[in-house]
C-alpha cells in the first residue's frame, strides 16, 4: 500500500511513522508532482487548516486532491484535516476541500492550554486514548452518508463517510495504531 501524507505543515511525520510501522509505503506530499495516481490513500494531518488550505492552493495540489477524493481515493483527516474535508465551517465563509458532509467548529475546545487527553469509544476500534489539541468537532452531519464513529461529551469527534475518515483528535500522537489500521482497512 502506498499512502500519501500531506507534508505542507503540521504533524505529518508522526502519521508517516505510524503508517510505515503498519507496513504502508509512505510518500510525503509537498508538491503537485508528488501527488500521483499510484497512491492508494491520503492523510491530511493536524496543524493549521487555514495555512494548509492556502498551501494546497499555492502548490497546485487543491484541485487534484479534491478530484481524487471525489473519485473515491480513501482519505483520513485529523484535526485540521477534518476541517479541510468539511463542507461547512461554523462562523466562517471559508470552505477548503468541502468533500465531507459535515459542519465543523474550529478550535471548539479552546486554546492550546485547553488541550487534553481522554478515552473514547470509537466504533470499529474500541476504547481509544485520544489527544485533543485546539480541536474542532462536527456540529452537524449534513447527510445520512456521514455517520459518527465517536462522541465526546455529546460532540461528534470522529466521522466516516464512504472513502473519508475524519477525527478531531490526534491518533498520530499516541502509541496506539488502531485508528491508522482502521484507515488502512478502508483501502
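Here are the numbers for the structure shown:
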quantity	calculated
Residue order, fewest to most surrounding Cβ atoms within 10 angstrom, among 133, 89	133, 89
Share, in percent, of DSSP beta bridges within the chain that are antiparallel, nearest 5	55 percent
Shape category assigned to region 22-66 from the gyration tensor of Cα positions, a/c cut at 1.5	oblate
Sum of -39500 (n - 2.57) over DSSP H runs of 4+, divided by residues of the chain (222 nm, nearest 500)	-6500 deg cm²/dmol
Euclidean distance between Cα centres, region 120-153 to region 7-62, Å	22 Å
Label-point separation, residue 144 to residue 37 (7 Å along Cα→Cβ), nm	3.5 nm
log₁₀ of I(q)/I(0) at q = 0.09, 0.19 Å⁻¹ - the chain, Debye sum with one point per alpha carbon	-0.26, -1.35
Packing-based exposure ordering (other Cβ within 10 Å, fewest first) of 50, 94, 78	94, 50, 78
Globularity ratio of region 17-101, using Cα Rg and 2.2 N^0.38 Å	1.07
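Where a number appears in this text, it was derived from the coordinates with a stated rule and is not lab data. A quick note: this is a predicted structure, and the numbers were derived from the prediction, not measured. Cβ: placed from backbone, ideal geometry, glycine included. Neighbour counts: every protein chain shown.
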